[in-house]
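Notes for the one structure printed next.
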Amino acid sequence: MKILAIETSCDETAVSIVEEDATILTNVIHTQLEHVAFGGVVPEVASRQHAVLLPKLILKALNDVKCDQKEITHLAVTYGPGLAGSLMVGVEAAKSLAYLLNIPLIPVNHMAGHVYANLENGPLSFPALAVVVSGGHTEIVELDQSGEFTILSETHDDAVGEVFDKVARVLGLGYPGGPKVSELAQRGENSIPFPKAVVKDDPLGMSFSGLKTAVVNYVHKHNMNGKDYNKQDVAASFETAVVETLIDKISKITRKKNYKMLLLSGGVSANSRLRNEVSKYALMNGLLFSVPSTELCTDNAAMIGLAALAKYKLIGEEAYDLFPKIQPNDNIK
Ligand code: KG4
Ligand code: ZN
């Protein structure tokens, strides 16, 4: 089994080839830099770039592993959630290739892809609790033996990655902001008491818009009054508030049920403070822990190949669909 996987849900055009034993033979990722000038992803530009880049990256992936297209046994593609136009480019390419090569196509949910990126570290143990933190989603989900996902906690407003990007913008760090805030935070102190929101009537619910506003107001107030402030400390204090909020929810959930494994995933899981603190929590509470290598935290196609593999192993040929529809707002499944 050799799966060629395609990911085009946002601003990364990516192709990977994955083998049956979860070996990643190649993982080609092109991050579109055209969006930097706009300070965020421009959907129309993203889909046009996917259309230009995808054929080249497919050829590169095949070339990387010295693989003839006839050796590919399966295709996998992200069908959602994501930007409609971007998803369409990947799905249409995968449908055409599957038809031409006469091989099955496995459609994959992007958020499930983030969780299954952890197969890079070995098999998962169930029941598992997965913390999924990306630019568009923030949720804590249970994953059981049958492959069923149950959302136990989610944000009521902004996703954590989105807030990292906003904080980066207000601190003048540019886009994409997460890695830049993260780098700055390593040199700062957690010295500013930013708020950690509690959601009324939903003890497991999360909210990050109040934290975002508090950081923006802090910076604007200092700028307006011509007062100095320490950017490193703002970054470290903000990051600490995010990490403590997530750990608080993880701890409430793991107190109620015995999980075998704690998984971290999504672009924000590249953040070292989050990786360290969640790993420490798992160790102290007797949970196995896994987080992907940083390359597999942010969007990539290897995670789509690994998720397709997991889906195929769980349900066999029922995983196939030659004509998947894009689902820009799909929940994790
Ligand atoms: O999963 P991802 O690549 O794309 C989505 O599915 O949304 O996540 C992208 C998000 C961005 O908001 C980016 O700023 C954030 O992940 N991110 C980080 C770090 N690296 C990427 N946030 C915090 N620390 C990082 N090191
Ligand atoms: Zn993603």
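No value in this document is a laboratory result; all are computed from the given coordinates. As the structure is a computational prediction, the values presented were derived from the model and not from experiment. With ideal geometry, Cβ positions are generated from the backbone for all residues, glycine too; neighbour counts draw on all protein chains shown.
Pick from Ala235, Ala308, Ala51 the residue whose mean-square fluctuation is largest in a GNM of the chain, springs joining Cα atoms under 10 Å.
Result for the chain, Cα springs under 10 Å: Ala51 fluctuates most.
Determine, for Met206, Met261, Met303, the number of other Cβ atoms within 10 Å of each Cβ, and report the residues in order from fewest to most. Display every interim value, and only then the final one.
Details: Met206 25, Met261 19, Met303 33.
By the 10 Å Cβ count, ascending: Met261, Met206, Met303.
Who wins for biggest fluctuation among Gly147, Gly172, Gly266 in a Gaussian network model of the chain, springs between alpha carbons below 10 Å?
Gly172
If neighbour count is taken as other Cβ atoms inside 10 Å, put Phe289, Phe38, Phe208 in order from fewest to most.
Sorted ascending by nearby Cβ count, the order is Phe38, Phe289, Phe208.
Mind scanning Lys196/Lys333; Lys60/Lys95; Lys2/Lys311 and naming the pairs with a C-alpha gap bigger than 22 Å? Intermediate results must be reported in sequence, preceding the final value.
On the way: Lys196/Lys333 29 Å; Lys60/Lys95 19 Å; Lys2/Lys311 14 Å.
Checking Cα-Cα distances, Lys196/Lys333 exceed 22 Å.
Which of the aspartates and glutamates could a cross-linker bridge to Lys66, judged by Cα under 17 Å and excluding same-chain residues fewer than eight apart?
Once the sequence-local aspartates and glutamates are set aside, what remains near Lys66 is Glu19.
Return the aspartates and glutamates within reach of Lys249: Cα separation strictly under 17 angstrom, same-chain partners fewer than 8 residues apart disregarded; answer none if there are no such residues.
In chain and number order, the partners are Glu139, Glu142, Glu154, Asp157, Asp158, Asp201, Asp202, Glu239, Glu277.
As a test of the definition: which semi-axes, in Å, follow for the chain when you take the square root of five times each eigenvalue of its alpha carbon gyration tensor? Largest first, please.
For the chain, the semi-axes come out at 35, 24, 16 Å.
Looking at segment 179-333, I'd like the Rg to Rh ratio, where Rg is from alpha-carbon atoms and Rh is Kirkwood's inverse mean 1/r.
Here the Rg-to-Rh quotient is 1.05.
Take every Cα pair under 8 Å in the chain that's 6+ residues apart, average their separations, divide by the length, and report that relative contact order as a whole percent.
25
What order, most packed first, do the peptides 103-109, 246-252 have when packing is the mean number of other Cβ atoms within 10 Å of each residue?
Answer by packing, highest mean first, reads 103-109, 246-252.
Going highest first, how would you order 279-286, 52-59 by mean Cβ packing within 10 Å?
Numbers: 279-286: 14.0, 52-59: 16.5.
Put in order of decreasing packing, that is 52-59, 279-286.
Can you tell me which lysines have their Cα less than 16 Å from the Cα of Lys260? Leave out same-chain residues fewer than eight positions away.
Partners found: Lys252, Lys280.
Pick from Ala159, Ala76, Ala112: which residue has the top mean-square fluctuation in a GNM of the chain where Cα pairs under 10 Å get a spring?
So, out of Ala159, Ala76, Ala112, the one fluctuating most is Ala159.
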